Amino acid sequence: MAPTIMMRPTKKDWQRQSQSESEDDDMVGKKDLMPLVMSQVGQHFVPLVITMVGLPARGKTILAYKIQQYLNWTNHKAKVFSVSSYRRKHIELYSSHDLFRKENSEAAEIRQLSAQEAQDDATKWLQDGGDVAILDGTHITQARRQIVYDHFAKVMGYKVLFIECVCDDEMLIELNVKEVMQFSKDYRNMSSEKALDDFHHKIEHYMEQHEPMKPKSEGYSYIKYLNAGESLTVCRLNSPMQSEVLAFVSNFKPLAKTFYFSRHGESENNVLGRIGGDAELSVRGRTYAAALARYFNNENRLEGLRVWTSELKRTHQTAQGIKAPIEPVPFLNELYAGVCEGLSYEEMQCKFPQEFAWRDQDKLQYRYPWGESYIDIMTRLKPVLLELEGDMDNLLIISHQAVLRCLLGYFLNKKHEELPYINVPLHTIIKLTLSGYKCKMEVIKLNIECVDTYRMQPKNCSVNRSTDDALLTVPAHFENLSLWNHAPIVQL
């Protein structure tokens, strides 16, 4: 099924166009200009500094790292600079909350030095080509915030956005405290009872010095994030990047949640080694669908389970036996292969050998003629990710190899170039458990035989390579659907 979204041309699209049109004056130089055009995608004119503000255990660090994760996914260079990490370089072994007493002048100097070092490194990183620096610290006094603003806005000419995390819900605070106890390096060598007492004293020391922000009088660009996203207050946002940050922050809920991902059952096109299409499930694929339904329909089934599928038949057939609300989501459709839909890799090499080589050279950015690329998939998945970062829980997504590679790559913090080669096998459930900005993955293999559709990148990606080299890593598949009457074809 062809998507209806508008897509920006890639470098390969320009190359195809230059080969098919005469090189008149209008076309001269377009191919040469493409790298410049590509380098500007996702960029903005002025770097942004996000400054986290708030007392300890208000969710600043979780929000900072999730903003980093989302912005990096959306093709911006974002990085968190944690003030506490710099402090630990000066004081390796944390002893007690006395470090944070207002009257402890020696410790205060170390904390000020740590904040300055984080600021200096953020400045250098932005000067070296970064887009968004995120200062993760308390910044609880107006004087400290003014230092940050004066340096980045007035001296460097950057945009500055303050995000103040406020929490007056005692239950939320206690949950945040438990996460600090679990993950903070300061308390690794303390008993849980001593660590909890120490941390509560630390909060008291910060409360003595705390000066809440007054955005109307201070004149800053500002987001107030109250009670883990229960409500937001926004003042003076003045750039597209700040608006993009707001879009994420307004959706994000720092809740523990569990997601399940599965490809559709083995399809007839999988059996035949064909790309895309809207094929039915094979016999073994239908067996997997039944096994998947049994897995989620048992007596211990998840409360409030929801199922999302793509619009394609094979995902609907895979989900049909599950006793839960099922919703087709167009964004979850498989990568559309354009003129190559329904072809096998062997047929693609025969008909379009240059396209096949280009795809192997850069599988992330390669776009099929009249089709999509992995970058296009990432773009159309943004609304899905914002939904998942909200209060969604106990969700099963039944989709396709390329789409699930992108979704899993986001939560597992994979580099973009790794996405096209994440192995997402058929007849397998992948369970992700999210807690804060941590993610745990569990692989549950259901014992239903199927073909292996994983294809490694070949060593020879030249457009002049031989057919044997091009097909070297093509996975085995069958000649027809009579599975038990014909041996699989194995590419040599």
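The values are calculated or read from the model by the stated rules, or taken from the named source; none is laboratory data. Being a predicted model, the structure only gives us computed values, none of them experimental. Cβ atoms come from the backbone with ideal geometry, glycine included; neighbour counts cover every protein chain shown. Accessible surface areas use protein heavy atoms only, side chains included; no ligands, DNA or RNA. Shrake-Rupley method; radii C 1.70, N 1.55, O 1.52, S 1.80 Å.
Think of the chain as having a plus end and a minus end, set by charges on the Cβ of Lys, Arg, Asp and Glu; of 78, 234, 302, 302 sits farthest toward the positive end of this dipole.
In the set (i) 26.1, 83; (ii) 22.0, 71; (iii) 28.0, 89, the label that goes with Rg and Dmax of the Cα atoms in Å computed for this structure is (i).
Solvent exposure of the range 192-231 amounts to 55 Å² per residue of accessible area, where only protein heavy atoms count and the probe is 1.4 Å. Rounded to the nearest Hz, the phi-derived 3J(HN,Hα) couplings of the range 268-280 under the Karplus curve 6.51 cos²θ - 1.76 cosθ + 1.60 (θ = phi - 60°) are 4, 5, 4, 4, 8, x, 9, 8, x, x, 10, 7, 6, where x marks glycine and proline. Shape class of the range 410-471 from the Cα gyration tensor (axes a ≥ b ≥ c, square roots of the eigenvalues): oblate, since a/c reaches 1.5 or more and a/b does not exceed b/c. Starting from the Cα gyration tensor of the range 362-450, take the square roots of the eigenvalues, sort them a ≥ b ≥ c, and report rounded, prolate or oblate (rounded when a/c is under 1.5, otherwise prolate if a/b is larger than b/c, else oblate). Since a/c reaches 1.5 but b/c is at least a/b, the shape of the range 362-450 is classed as oblate. Fully extending the segment from residue 394 to residue 232, taken as 0.36 nm per residue of separation minus the present Cα-Cα distance, adds 55.7 nm.
Put a plus charge on the Cβ of each Lys and Arg, a minus charge on the Cβ of each Asp and Glu, and nothing anywhere else: the dipole of the chain about its Cα centre is then about 320 debye. Within the range 133-177, what residues put their amide N at less than 20 Å from the label point 7 Å along the Cα-to-Cβ vector of residue 217? Of the residues in the range 133-177, 139-150, 162-166 have backbone N under 20 Å from the label point off residue 217.
Could you compute the net charge surrounding residue 234? Neighbours are other residues with a C-beta less than 13 Å from the C-beta of residue 234; K and R count +1, D and E count -1. Net local charge, residue 234 excluded: +2.
Sorting the segments 293-305, 452-464, 54-66, 158-170 by their mean number of nearby beta carbons within 10 angstrom, highest to lowest, gives 54-66, 158-170, 452-464, 293-305. Restricting attention to the range 59-124, lysine pairs at least eight places apart or on different chains and with alpha-carbon atoms under 22 angstrom apart total 11.
Averaged per residue, the range 262-365 has 42 square angstrom of accessible surface, using a 1.4 angstrom probe with ligands and nucleic acids left out.
For the range 253-322, carbon and sulfur atoms together expose 45% of the accessible surface, with a 1.4 angstrom probe and every protein chain in place. State whether the range 45-149 is rounded, prolate or oblate according to the following rule on the C-alpha gyration tensor (a ≥ b ≥ c being the square roots of its eigenvalues): a/c under 1.5 gives rounded; otherwise a/b larger than b/c gives prolate, and the remaining case gives oblate. Prolate shape, in that a/c is at least 1.5 and a/b is the bigger ratio. Length gain on complete extension for the stretch residue 464 to residue 89, per 0.36 nm per residue less the alpha carbon to alpha carbon distance? Value of the extension gain: 129.7 nm. Annotation: amide H-H contacts under 5 Å for residue 477 (H modelled 1.01 Å from N, sequence separation of 5 or more, or interchain): 489. Taking 0.36 nm per residue of separation and subtracting the current Cα-Cα distance, fully stretching the chain between residue 280 and residue 480 would add 70.6 nm. Nonpolar atom fraction for the range 62-170, defined as the carbon and sulfur part of the 1.4 Å probe accessible area, stands at 48 percent.
3J(HN,Hα) along the range 428-442, derived from phi through the Karplus expression 6.51 cos²θ - 1.76 cosθ + 1.60 where θ = phi - 60°, amounts to 9, 9, 10, 9, 10, 10, 9, 9, x, 9, 9, 9, 10, 10, 10 Hz, with x in place of Gly and Pro. Peptide packing: for 413-424, 264-275, the average count of neighbouring Cβ atoms within 10 Å per residue gives the ranking 264-275, 413-424, highest mean first.
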